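The values are calculated or read from the model by the stated rules, or taken from the named source; none is laboratory data. It should be emphasised that the depicted structure is a prediction, and the values quoted were computed from it without experimental measurement. Quick reminder, even Gly has a Cβ in these numbers, built from the backbone with ideal geometry, and neighbours come from all protein chains shown.
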Amino acid sequence: MHKPLPEVTDFQKLQYQFAAHIRNPDRHPKPEGVEDRRMGIYRDLFFNNVEGFLSGNFPVLKQISTEAYWLTLARSFFDEHHCHTPYFLEIGEEFIEYVNNERAPEPEDPAFLRELIHYEWVELALDASEVELPLEGVSVNGDLLKQHPVQSPLAWLLSYQYPVHCIRSDYLPDTAPDNPTFLIAYRNREYDVNFMEVNPVTGRLLYLLSEDESLSGEAALMQIAQEMNHPDTKQVIEGGAKTLEHLRSKGIILGTKI
């Protein structure tokens, strides 16, 4: 037999009413007997705290939004989403989960909303990452064509339908361009987070190398030349070699596998 659920005490009921009112004071009345002035302090404190973290995580979205849209979005997240983490640094990830999987789209939403918030989250995620760059098993000055180029675990290849890195108040596209945008987000050894726009060929090169640790840089470039039906494989390899060296100079490629 199942044990009966414990009764909710009066104090617990008060806690639930308090929390519900804090989340959405328009929909849930404050607990009886509590002065509204005192409740107002908590209403402002809790919401402003969460809104402040959202502002820090998604400054571009806030900048391009009307005040009404931004506050409604922040309030709906605060009211409807139940966070699964106690860490403030992970609020951005919780917000993405809410927008992508819980919140019903609104007519006022920018067409690029989901991609923009992911792009903005990446910067904080890389900045806060505790992943360490490998010091062993990598030859810093290895031959990037003859050996396997090792990518930094703090370099992420990103693909978006919209050019999210160009979004600003005077550029708010309604439809996606014909070609996707490829970006590399990376944190260098000086702990600076940067973004680099790359072409589809570079994106494909990094993808191939990430999928096969035995693949040399030259072999990956030869495969790309075949996929492109390029008439001059040598030209593709020479251009790819320069690209790999450039990526190494930025810390996106760490060296070659020993």
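Might you check whether a residue that is farther than 23 Å from Asp170 by Cβ and at pLDDT below 90 occurs anywhere in the range 52-67? Taking every residue of the range 52-67 in turn, none turns out to be farther than 23 Å from Asp170 by Cβ and at pLDDT below 90. Picking from residues in the range 154-208 that are part of a loop (DSSP other than H, G, I, E, B) and β-branched (Val, Ile, Thr), the one that is surrounded by the fewest Cβ atoms within 10 Å (Cβ to Cβ) is Thr175. Residues of the range 96-124 being among the hydrophobic types (A, V, I, L, M, F, W, C), under 11 Å from the mean Cα position of the chain (by Cα) and modelled with pLDDT of 95 or more, which ones? Within the range 96-124, Ile96, Leu116, Ile117, Trp121, Val122 meet the criteria. Figure legend. Inter-residue proximity from the range 175-198: first residues closer than 17 Å to Glu123 by Cβ, second residues part of a strand (DSSP E or B) and of a type in the set (Lys, Arg), beta-carbon distance below 6 Å, spacing 6+ or different chains. Indicated pairs: Val193/Arg187.
Inside the range 199-218, residues that are over 15 Å from Gln147 (Cα atoms) and touching a helix residue (DSSP H, G or I) at 6+ places or on another chain (Cβ under 8 Å) make up a count of 3. Among the residues of the range 211-256, the ones that are under 20 Å from Asn188 (Cα atoms), in contact with a Pro (Cβ under 8 Å, 6 or more places away or on another chain) and not aliphatic (A, V, I, L, M) come to 3 in all.
Of all residues in the range 118-133, those that are surrounded by fewer than 16 Cβ atoms within 10 Å (Cβ to Cβ) and more than 23 Å from Lys257 (Cβ to Cβ) total 3. If I filter the range 209-239 down to residues being within 29 Å of the chain's Cα centre (by Cα) and closer than 21 Å to Pro153 by Cα, which single residue comes out as surrounded by the most Cβ atoms within 10 Å (Cβ to Cβ)? In this case the residue turns out to be Gly217.
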